[in-house]
Each structure stands twice: as structure tokens, then as C-alpha cells.
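Worksheet: the structure to be examined is printed underneath.
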Amino acid sequence: MSKVKSVLIVGVGGQGTLLASRLLGNALLSKGYDVKVSEVHGMSQRGGSVVTYVRYGDKVASPIVDLGEADLILSFEALEAARFLPYLKKGGKIIVNTQQIDPMPVVTGKAEYPENILDKIRNKGVEVVSANALELAEQAGSVKAVNVVLMGMLAKHTDIEKQVWLDTVRDTVPPKFLDLNLKAFELGMAASPQ
Amino acid sequence: MKKLMLGNEAVARGLYEAGVKVASSYPGTPSTEITESAATYDEIRCEWASNEKVSAEAAAGASFAGARSFCGMKHVGLNVAADPFFTMSYIGVNGGMMLAVADDPGMHSSQNEQDSRHYARAAKVPMLEPADSSECKEYTKLAYELSEEYDTPVVLRLTMRIAHSRSLVELDEREELPLKEYKKNPQKNVMLPAFAKGRHEFVEQRTERLIELAESDKINKVELNEGAKIGVIAAGDCYQYAKEALGENASYLKLGMVYPLPEKLICDFAAKVDKLYVIEELDDFIEAHCRKLGLKPIGKEIFSLCGEFSQKTVKELVLGKKAETVCLDEDIPVRPPVMCCGCPHRGLFYALKKLGVYVSGDIGCYTLGATAPLSTMDTCVCMGASVSALHGYNLAKGEDGEKNSVAVIGDSTFIHSGITGLIDIAYNATNSVVIVLDNSITGMTGHQQNPTTGYNIKGDPAAAVNLETLCHAVGIPNVVVCDPYNLDETINTIKEQLNTPGPSVVISRRPCALLKYVKHKPALKIDKDKCIGCKKCLSIGCPAISIRNKKAEIDATQCVGCGVCTSLCPKSAIGE
């Protein structure tokens, strides 16, 4: 029986983490895994810190990924990677968008956005794969494709074949945005070292 | 075919397969997607009702007519629907009837953490609790069988984690059922005292028969693991957390029906294990039942009455195992949810802050008006309470209250239960000022249509409530409209109504900035030469504006050009 793997997808409400978890869930389903995905819903989550759990293996019980359990964290924003760091398993990996989005306490001057946050995570001995997914998404044609760029970055760190990913993207995104999303996916993949 | 489905989508699939014909609900996180998803099946007549009581009564009516019917709601929605719910327990059904109620342990999106299982016992209605999406579908179908066999409405209890998790579901065909014959039967269907007395006795006998069902292995399952000394009784998500944490080192009694609970089955299970745990979120519902049977399980003496659990809860409290974690040595600034860029509520709350009035609040995206930097809400109780509580506030405070207080309520919430409070204001005459935040959609639950929007759940054109006419019709003499993007107009309009005799309604009208048909203007820019870094533009709490190198900066990827910030700048530094 293969061990259950846990992925945490974190970001800022409105960045498209739900589509990302749906893509990953469907790709894992195509591979024949038992999959559970747990989501946060509702408009008023926007702008807030959001988290989605994805778990897969032969048989998954709990849909939750808890402290010290994530094999991989996919973070849509730098500060969120730091916030959810305690969820990472020892030896786990973080894939992160270097984009910074100021939370309200930083906007209003009540707090400061920590400097060099990703280096501080690396200094804790954690493997961090990073790229500016916002710039890559713009390059692909829309800032809204950040989520698919990040899926491309993630793809190299899973055992899912590229074709399965491409098919999943095709089945999940609206046809008129397909080319843009496929480009975003390729750019993400190219930006992520193995 | 297997599909990865949300628990809520799987319930909807169950409705479809069970041949349900009518579904009526009011949106509420985490239950909304059941009815949204049910509306994608043309065979089910689906609707958004004006509130949960209406939806439960519509479902009752459809059951009278012989159809299988459904209504769904969040936990607090059942408070609203409690009146028909309790009496439908006596009446029972013609066509099967199921209510889904979604609890929110951990309060991800709710104002309280009430445990709906108490309702099942109070109304003496059977309650099923699924533990994954597959069970969401299967239990939904089972609920209709039980409903018709035992002549009772059935409740499907979900928790947020089950409702909003995706797992695999095997799809089956729909069973198309003809309407059951309607037979006039006042002794069963007209709850006069004389008839209700007979039905109460029926309900008690029905519960006895349901307990017999609970003792069988049809719904409640025993899993014995050889050598395991620990026994766990659990249902729903807690069963999954226990399985994750304890695996084959424990035996399980998985309860699929959480009311009524079995007696012999529980005692027999308890006798087979050395140490008995009851693992349940929120109240000690199952544990109290065990204690009544003379058992002494370990439950709330170690598990909290508050919040959501996970496998970590079980690992820590049962096994004494702590997780190993990596942390940074510095504080990470919190990131609370905020009003979106271009949100029409922002300008309105800024105006209220400037006016310094007491704000009687309500449930919706605009409850975020209570948070920094706007911090402009004094109270928030439940759907509709802003209006009626403002009336009470003004009854107590008199003119001093009336001139310095307002209620804020969204368009959907106003229809849900604000209108009844407004009638009270008109009838019992307080000079209250009620502000309806009309953003043309039910926002917080994720954009559902409502009776004011002119569209139904399918997106087809529908009759639209005219708010102005409605307010006039219930006896409000002063009804005015303002645009919350225009701060001066909004401030002056509210100020004027606070000083106008007679009750007033101010309709703050501007569609939600996230609606697809709303066309955005280009992002605004800061003229760095003009900007003096005074931070006045930060006072509206717009996530697109920040300070970099002592000057304001607007994030062009977020700004939708609403222009609310422009009127705050003393140097006119913000422009296109």
C-alpha cells in the first residue's frame, strides 16, 4: 500500500487556489489514486489567507493536512509560504510564487512585510523552488493565469506525466482561455528546476 | 464512472438519483453548493427561496403533493426553519422529504458554532451524517427511503469539512418516480390540537422503530481490529480523523445515523474494547447518550467543545504524539479577509465612519465593515437583526438614538428577514434610518441570485422586487437612493435622513464589483510629484493601495478604478 501524500495549496483569496486544487485533484484521479481535496469557499474569503488541502494514495481517510504533515506546499504568495511553513513535513519542499501581496496590517502601517522571507525559510534547511509566477502569467497573456503557471511549476515535482497534466488543463479550463493556460503551464514548467 | 465531487455536489447527485422533483433553499456557507449543483439537473425544479422557513415550507408542500422534496441550509438556517421543521415531524410525509443542514465547527464562515444534532432530538426526526462524498450521495438516497418508510422528514447533517471536501463518487442513474397519490387526511396533515395529540404518539412509536433500525448494521457499522484495545465511537469527519490517526490500532463504531442512537449496539461494542473513546466535534451529543446507558467513555474530558478537529487532535489527545514542525523566528503579519477592490460597501462604511453613528450590523460581506481600518459596526447578531435591533435601540434611546444610528443590511438579507423588522419600524413608529446595501446579488455565499436581482437560480429572468416601492408600501415615508462610490453624496444623504422626521430607508446602490457584467475602469495612478505621503488614501482599507518609499502606490493588477480614493487625496494626486 503506497503511503498517502499530502499537498498544501496556500495563497490569498481571489488568486485562483481553488482552480489549482481542482486541476491537481483531477490529474491525480487520472493516475488512479484515491484523492481527497478540501477547500475554502465563499466570497468573503477574498483578500484573506486561504488554504486548500490535497491528499492522495491508495486510500485516504482525512481530507485535512495538519501541522508537520505536508510533503509539499504550493504557495501563491511569499508571505503565505512562511505562514504555513509549520505544516511542512521534515524533508518537505516548498514551491512558491515570489510575488508579494501586502496584507491589510501592512497596508495600514500596523505591521511590516518581513524582508527576504524566502531566504529565511531556506536557512531553516527547507528546499524552496521559487519563480515570479505573476510575470510569467503576464508573459502568457493574463495575470489571472498565475494559478496555472504555478501548476506548471508543481508538475515537475509530481509523478504525473506531462500529457496527463495537459489533458487535465484542457478538461478544466474554459475553451476560449485554453491556449493562454497551456502557455502559462509551459512557462511554469520551464521555470521550475527538477 | 467515478468522479471527484464536493460533498455538497454529491448530495445534489443523490437528490437527482433519488428522483427528487423539488428543491428550495436559501444560500448559506457551507451548504450553498448543494442547491446550486442540484440546479444543473433539469429534472429537479430548483429555486432560491426568500429564507429558510419559506424553503422548508415549500419542500413540505411538494411532499404533500406527492413529490420527493428537498431544502438545504446552514446550521443557523435551521433556526429560521425550525417552526415548520418541528411540526413536519408530526405530520410526516407523502413524498419523501429531506433537509440538509451544514454545521460549521471552527466557524470558517459563521457567527456561531451551534450543533444541529440537538435539533434532531428536539424534533424527534432521524438524522444521518455522512463521512465522505460517496456517503453524501448514498445517505441522501437512503434518507428518501427512510422518509417514506417511516413517515418522517429526515435530516442530513453535514459539517463544513465534509460539505467542502472533494472525494470519489460512483455515479448511478436517476430513478424517475411518479407523484404519489394525494389523499385528503386532516388527522395527519392538519395539526389542530386534537389531531396533533394522535400524531405525537405516532412520533414516539416511530422513534422506537428507528432505534431498532439503528441497532441493525444497515447504517451504523462496527469495525473490529484484532488486538486493538482502543474503541472509538464517531461519525462524519471525526470518524475520518480517528481512522487517520489510529488506523488499525483501534476498533470503530461508525455511526451513520446520529439520531436516534442505538443502545445495544453501543453497549456490545463497549464490552469488546478496553478503552472507549467518543470523538465528536462540538457538543457531547453521543457521549451523553453513552453515559445514559451507564457507560463511561472518554470524551469531552479531553476533547474540546469548541472548534474543528483533525487527525492531529486525535494523535495528541489519544496517543500523546506532538507534530514536529519548522517555524520562522519572527512574527508573520496576519492576513484577514478584506472588502474587494471596487467593493461598493467600502464607500458606504467610510461615510458612516465620518458620520460617527451607531451602526446596527447584519450578516453579509459588509460585516467586514467591522474590521480595521473602517471599524464601523457596533453589533451583528443574525440575519435581519440589524433592522429590528435598531428599532429596539431607538425605542430605548429615543430621539438621541434616532438621530445618531443606522442599520445596514444587504439586499438579499433584507428580503430574508429585514423586511419584517422594517414593517415593525413603520408600524411602531421609530424614526429609524435603515440602509439597504443593494449590490444586486447575494455576495458572501458566492453570487447567488435573489428576489431583488431579476433573475432566478438558473439565471433566467424573473420577477424583481422593487425595493423603493416595497419600502413605501410598508409605510416608510422617506426612501432615497445614493451611490456609495460618491462619498459626498452618500454622507449628505444619510445625514439628511438622520434629521428628517419619520422612518427612512437609504438604498446604497451599486452592483458587486465582481459581477461579470460590471465593466471596470482602468487602474488609477499616483502622481508621485504631488503625493505628500499623508496616508489619507489608506483610511478606506483598499487592498490595492499601499505605501512604498513614503509615497502611495496603486497596484495596477488589483485596482478597478472605482475612484473612491480620489476624493480623499488633499493634493489631487490620484488620477487615471
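The values are calculated or read from the model by the stated rules, or taken from the named source; none is laboratory data. What you see is a predicted model, and the numbers here were worked out from it, not measured in a lab. In this analysis, Cβ positions are derived from the backbone assuming ideal geometry, glycine residues included, and neighbour counts consider all displayed protein chains. The area values use the complete protein model at the heavy-atom level, side chains included, leaving out ligands, DNA and RNA. Shrake-Rupley method; radii C 1.70, N 1.55, O 1.52, S 1.80 Å.
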For this session: Return yes when residue B:239 is in contact (Cβ under 8 Å) with a residue 24 or more places away in the chain, within 14 Å of chain A (Cβ to nearest Cβ), under 28 Å from residue B:142 (Cα atoms) and not in a strand (DSSP E or B) and no when it is not.
Result: yes
Seminar exercise, completed: If we keep only residues of region B:355-377 that are in a loop (DSSP other than H, G, I, E, B) and closer than 26 Å to residue B:398 by Cβ, then the residue most open to solvent (accessible area, probe 1.4 Å) is B:356
Exercise. Of all residues in region B:33-90 being open to solvent by 10 Å² or more (accessible area, probe 1.4 Å) and β-branched (Val, Ile, Thr), which is nearest to residue B:450 (Cα to Cα)?
Worked result: B:54
Exercise. Which condition number in (1) part of a helix (DSSP H, G or I); (2) under 19 Å from residue B:496 (Cα atoms); (3) out of contact with any His (no Cβ under 8 Å at 6 or more places or on another chain); (4) open to solvent by less than 20 Å² (accessible area, probe 1.4 Å) is the one that residue B:413 fails?
Worked result: (2)
Exercise. Would region B:506-526 turn up any residue that is modelled with pLDDT of 95 or more, open to solvent by 80 Å² or more (accessible area, probe 1.4 Å), small (Gly, Ala, Ser) and outside any loop (DSSP other than H, G, I, E, B)?
Worked result: no
For this session: Pick out the one residue from B:430, B:452, B:469 that is modelled with pLDDT of 95 or more, within 28 Å of residue B:499 (Cα to Cα) and assigned to a loop (DSSP other than H, G, I, E, B).
Result: B:430
Problem set entry | Scan of region B:378-407 for residues that are more than 14 Å from chain A (Cβ to nearest Cβ), closer than 13 Å to residue B:111 by Cβ and open to solvent by 30 Å² or more (accessible area, probe 1.4 Å), ordered by number | B:379, B:381, B:382, B:383
Exercise. Any idea which residue in region A:169-180 is modelled with the highest pLDDT, counting only those that are within 16 Å of residue A:26 (Cβ to Cβ) and touching a Lys or Arg at 6+ places or on another chain (Cβ under 9 Å)?
Worked result: A:178
Seminar exercise, completed: By residue number, the members of region B:253-286 that are free of Cβ contacts under 8 Å to residues at least 40 places away in the same chain, open to solvent by 10 Å² or more (accessible area, probe 1.4 Å) and under 30 Å from the mean Cα position of the chain (by Cα) are B:284
Problem set entry | Residues (among the small types (Gly, Ala, Ser) and open to solvent by 10 Å² or more (accessible area, probe 1.4 Å)) located in region B:201-227 | B:216, B:227
Problem set entry | The listed residue being open to solvent by less than 40 Å² (accessible area, probe 1.4 Å), within 14 Å of chain A (Cβ to nearest Cβ), under 23 Å from residue B:16 (Cα atoms) and of a type outside the set (Phe, Trp, Tyr), out of B:153, B:130 | B:130
Exercise. Can you tell me which of A:129, A:143 is farther than 20 Å from residue B:330 by Cβ and at the interface with chain B (Cβ under 9 Å from one of its Cβ atoms)?
Worked result: A:143
For this session: Consider residue B:96 carefully, then state whether it is open to solvent by less than 10 Å² (accessible area, probe 1.4 Å), outside the structural domain of residue B:460 (by TED's automatic domain parsing) and of a type outside the set (Phe, Trp, Tyr).
Result: yes
Problem set entry | Enumeration of residues in region A:109-124 that are open to solvent by 40 Å² or more (accessible area, probe 1.4 Å) and within 8 Å of another protein chain (Cβ to nearest Cβ) | A:109, A:110, A:112, A:120, A:124
Seminar exercise, completed: For region B:228-252, the count of residues that are open to solvent by less than 20 Å² (accessible area, probe 1.4 Å) and basic (Lys, Arg) equals 0
Problem set entry | First in region A:79-101 and more than 9 Å from chain B (Cβ to nearest Cβ) and open to solvent by less than 50 Å² (accessible area, probe 1.4 Å), second anywhere and part of a loop (DSSP other than H, G, I, E, B) and among the hydrophobic types (A, V, I, L, M, F, W, C), Cβ under 7 Å, 6 or more apart | A:94/A:126; A:97/A:76
Exercise. So residue B:352 clears everything in (1) in contact with a strand residue (DSSP E or B) (Cβ under 8 Å, 6 or more places away or on another chain); (2) under 24 Å from residue B:110 (Cα atoms); (3) away from chain A (no Cβ under 12 Å); (4) part of a helix (DSSP H, G or I) except one condition, right? Which one?
Worked result: (2)
For this session: Could you check region B:1-85 for helices (runs of 4 or more DSSP H) lying wholly inside it with 3 or more residues that are farther than 28 Å from residue B:183 by Cβ?
Result: B:7-17, B:32-38
For this session: Would you please name the residue that is farthest from the other protein chains (Cβ to nearest Cβ), looking only at residues in region A:32-78 that are buried (at least 24 other Cβ atoms within 10 Å of the Cβ) and basic (Lys, Arg)?
Result: A:55
Exercise. So, of the residues in region B:314-335 that are within 30 Å of the chain's Cα centre (by Cα) and open to solvent by less than 30 Å² (accessible area, probe 1.4 Å), which turns out to be farthest from the other protein chains (Cβ to nearest Cβ)?
Worked result: B:314
For this session: Filter region B:287-311 down to residues that are touching a residue at least 40 places away in the same chain (Cβ under 8 Å) and either within 14 Å of another protein chain (Cβ to nearest Cβ) or not in a loop (DSSP other than H, G, I, E, B) (or both) and give me whichever is surrounded by the fewest Cβ atoms within 10 Å (Cβ to Cβ).
Result: B:307
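Residue by residue, here is whether (1) in a loop (DSSP other than H, G, I, E, B); (2) open to solvent by less than 20 Å² (accessible area, probe 1.4 Å); (3) more than 14 Å from chain A (Cβ to nearest Cβ) holds:
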| site | (1), (2), (3) |
| --- | --- |
| B:490 | no, yes, yes |
| B:501 | yes, no, yes |
| B:532 | yes, no, yes |
| B:537 | no, yes, no |
| B:560 | yes, no, no |
| B:565 | no, yes, no |
Exercise. Would it be correct to say that residue B:339 is outside any helix (DSSP H, G or I) and within 12 Å of another protein chain (Cβ to nearest Cβ)?
Worked result: yes
